[in-house]
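Chemist: Take this structure first; my questions come after.
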Amino acid sequence: MEYRNEVGDGGSNDDVRRRTWLMRNSLGYQVDPAWRLLGKFNLSRSSNSQGAFYDGNFREVVLGAAYRPVDNDRWNTLFKYTNYYNVPSPGQLSATGSVADYSQKSQVFSVDTVWDALPWLSLGAKYGLRIGELRDNKVDGSWFSSRADLMVLRADWHVVREWDAVLELRKLRAKEAEDARAGALVAAYRHMGKNVKVGLGYNFTDYSDDLTDLSYRSRGWFLNVLSTL
């Protein structure tokens, strides 16, 4: 938990004051050898002396379950539900560095599964559904529906012991915008030990597999670090 009290010069001999409460929480629980539950609860409340337009509120609740049957460890599946609410303050940046100039309240359901088809090949698929609403004004105005479906097919080729190659085929459909986009993502990963690997890749699509990110600015190079316990 964190509390912030910030005071700045607002001009005309007036000070601008912002008070912010922040909370970050996470939980993991091993139900049995095959099932593990996970959860996350992040919250932010911010008030500004200049008025409601400069306030900011954020909430993210995540519930998930990971399934890896002990009698078939070649198969892994993750089920996840996200409840997301964001009313950004002016100047707030999204995860991609763009200005978050819209309000959002969304529910996202996703399932992600991977199967080791062969010792040198893993095949995977992901489906995500966002049911939510957007508003282009931070304080008032009408909410409008925003539904999207994401489908991903993935192949991991274990080239040699230390190297993996990854190919993803992606398609995103936005219902209200009557828009559909498809493309690919490629990456190469180097194992840095038993539990860590580092990858460099390129996303040929302009969208993220995070359905709460609506910036369409995800095209380009990326660096990814993965670890397992």
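The values are calculated or read from the model by the stated rules, or taken from the named source; none is laboratory data. What you are looking at is a predicted structure, and each value in this text was computed from that prediction instead of being measured. Reconstructed Cβ throughout: ideal geometry from the backbone, glycine too, with neighbour counts over all protein chains shown.
Chemist: Give the residue that is surrounded by the most Cβ atoms within 10 Å (Cβ to Cβ), with candidates limited to residues of the range 4-20 that are assigned to a strand (DSSP E or B) and either modelled with pLDDT of 95 or more or charged (D, E, K, R) (or both).
Modeler: So, considering only residues that are assigned to a strand (DSSP E or B) and either modelled with pLDDT of 95 or more or charged (D, E, K, R) (or both), the one surrounded by the most Cβ atoms within 10 Å (Cβ to Cβ) is R18.
Chemist: Exactly one of (1) surrounded by 16 or more Cβ atoms within 10 Å (Cβ to Cβ); (2) at pLDDT 90 or above is unmet by K138. Its number?
Modeler: Of everything listed in (1) surrounded by 16 or more Cβ atoms within 10 Å (Cβ to Cβ); (2) at pLDDT 90 or above, K138 misses just condition (2).
Chemist: Go through (1) surrounded by fewer than 18 Cβ atoms within 10 Å (Cβ to Cβ); (2) part of a loop (DSSP other than H, G, I, E, B) and name the single condition L200 misses.
Modeler: (2)
Matching residues to (1) surrounded by 13 or more Cβ atoms within 10 Å (Cβ to Cβ); (2) modelled with pLDDT of 90 or more; (3) within 21 Å of F204 (Cβ to Cβ):
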| site | (1), (2), (3) |
| --- | --- |
| A125 | yes, yes, yes |
| G132 | yes, yes, no |
| S142 | no, no, no |
| E168 | yes, yes, yes |
| K171 | yes, yes, yes |
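Chemist: Do we have any residue at all in the range 191-201 that's among the charged types (D, E, K, R) and either touching a Pro at 6+ places or on another chain (Cβ under 9 Å) or more than 30 Å from K105 (Cβ to Cβ) (or both)?
Modeler: Among the residues of the range 191-201, at least one is among the charged types (D, E, K, R) and either touching a Pro at 6+ places or on another chain (Cβ under 9 Å) or more than 30 Å from K105 (Cβ to Cβ) (or both), which makes the answer yes.
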